[in-house]
1. Hey, what did segment 39-106 get for relative contact order, percent, Cα under 8 Å, at least 6 apart?
2. What translational diffusion coefficient, to the nearest whole µm²/s, does segment 29-90 have by Stokes-Einstein, given a Kirkwood radius computed over alpha-carbon pairs, a temperature of 10 °C and 1.306 mPa s viscosity?
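What follows is calculated from the coordinates using simple rules that are stated; it is not laboratory data. This is a predicted model, so every value here is computed, not measured.
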Amino acid sequence: MVRWDETPNDSSPYKQSSGSSGEGRSRNLTPDQDTGIGAWTKQMFVGAMKTGKHMGVSRPILPPMPWPAYRNLTADDLRAPQAMFAYLRTVPPIKNRVPDPVFASH
């Protein structure tokens, strides 16, 4: 079960989630090279959406990322995440290191 948390100093209920998988925070999706997705390729971005793995190959992406909804995308369907990636490359980069996720111990 995923629970949306709201902190007293932040009115965004989508900042952080926690549940049986652990605790994750929204990642920096700006094209900052050090703290965002500036070093990612389009293939890494699409891979992350389809596999639920960071950069498409490493650690699991925690909820609320709905990657299972994307894992069976067809070649035609893949235009949507490619368009998202292209758009995210146009926003100004913001240096914002987000704490690493905390995985629940089972």
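1. 25
2. 135
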